[in-house]
Amino acid sequence: MAAGGALIVVVLLVLAVRGCLDARAKRADKDYVRDVAALTQESDQEGRQLFDLLASRGGRDRTVDAQNAVNGFRVQSAQLADRANDLDVPDDMKGAQRYVAETLEFRRDGLAGIADALPNALGDQDRRQGTEKIAKQMQVFLASDVIFSSRAGPSMSGVLADKDISGEVKVPNSVFLRDIQWLDPAFVAEQVGNLRTGGGGGAATPGLHGTGVSAVTLGGQTLTPGTPATIAVTGDLAFSVQVQNQGENTETDVSVTVTVGSGGDAIERDDRISTIAAGETKTVTIPLDQEPPTGQDVPITVEAKPVPGEEKTDNNKQEYSAIFTR
């Protein structure tokens, strides 16, 4: 009987130790996914800032500022790649880690290439060569997005699913390349030329200009100003924003921004409509790839940024609210 009691104690101790080890392993996996989410969020923000800069209208007095800004992105992206390589990686996440590191290294290399090519692209000599080199780096950004979406993300999701903890932490989405138009050297040359000269969208063509937000859905539910919507937080939650061109001209590069929350903790995401004809309505999908506060009334602002020549802007912005639930 004594031997049997001792055996039972040993079995219970083994089960307890195994349970502790399993809990520790699950916690390590969740911490790793959260660390990756923080890194890719910073990287995605760099991408938004880069393309906002390249699509802006400047002039010769801004070219030096633009080059300095891109050099800053270059340094930041190198630091992100170093931080990714220094992550504490659980054994079962080592496969995902290889792809996460490759993603951020590709973006580091792409930004370094753009920083090197931008002086020529903005200068008076070898301009074409500079813009073609920038366009080639866009392929590097596209490769980084494909690696993350088809390799890193699914690998992390598979590990979480195997341990039955998929619902406890969200595997991030990460997209750096804003629009595939940037793969076209002619498009890059046009955008960089506008940055260099201040041309393009800086001067509006004659006639009425104007866009407006006509409808917004979140997770398939239509939002209504003044009436809070109840939205369940899911892994693929996204805004669907309908923007109407209410003017008489085709508009290009229309920026659409969604802000969830307020103050320093607000979540801001954006996308662009490359072109929208007069009278046309287009829909842009903006993923909500960060979990918002739950159980409270959260303000939501959706805005189509005014286009050059637009005078009436009271319908460019709509304000809503939602109560997010798990």
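The values are calculated or read from the model by the stated rules, or taken from the named source; none is laboratory data. If you're wondering where the values come from, they're calculated on a predicted model, not measured in any experiment. Don't worry about glycine lacking a Cβ; one is built from the backbone with ideal geometry, like all the others, and counts go over all protein chains shown.
Does at least one position in the stretch 258-266 carry a residue that is touching a Gly at 6+ places or on another chain (Cβ under 9 Å), over 22 Å from Leu50 (Cα atoms) and among the hydroxyl-bearing types (Ser, Thr, Tyr)? No, that holds for no residue.
None of Ser149, Ser144, Ser155 is in a helix (DSSP H, G or I), polar (S, T, N, Q), surrounded by fewer than 19 Cβ atoms within 10 Å (Cβ to Cβ) and within 23 Å of the chain's Cα centre (by Cα) except Ser149. What do you reckon, is Val307 surrounded by 15 or more Cβ atoms within 10 Å (Cβ to Cβ) and modelled with pLDDT of 95 or more? For Val307, the condition - surrounded by 15 or more Cβ atoms within 10 Å (Cβ to Cβ) and modelled with pLDDT of 95 or more - is not met.
Just to be sure before I move on: is Ser174 part of a strand (DSSP E or B) and either over 15 Å from the mean Cα position of the chain (by Cα) or farther than 30 Å from Asp126 by Cβ (or both) in the structure I sent?
It is false that Ser174 is part of a strand (DSSP E or B) and either over 15 Å from the mean Cα position of the chain (by Cα) or farther than 30 Å from Asp126 by Cβ (or both).
Screening the candidates Thr252, Thr301 for the property of being of a type in the set (S, T, N, Q), under 24 Å from Gly47 (Cβ atoms), modelled with pLDDT of 95 or more and in a strand (DSSP E or B) yields one hit, Thr301. As for the stretch 242-258, it holds no residue that is under 30 Å from Ile165 (Cα atoms) and among the small types (Gly, Ala, Ser). Could we say that Lys94 is part of a helix (DSSP H, G or I), farther than 23 Å from Asp44 by Cβ and in contact with a helix residue (DSSP H, G or I) (Cβ under 7 Å, 6 or more places away or on another chain) here? The answer is no for Lys94.
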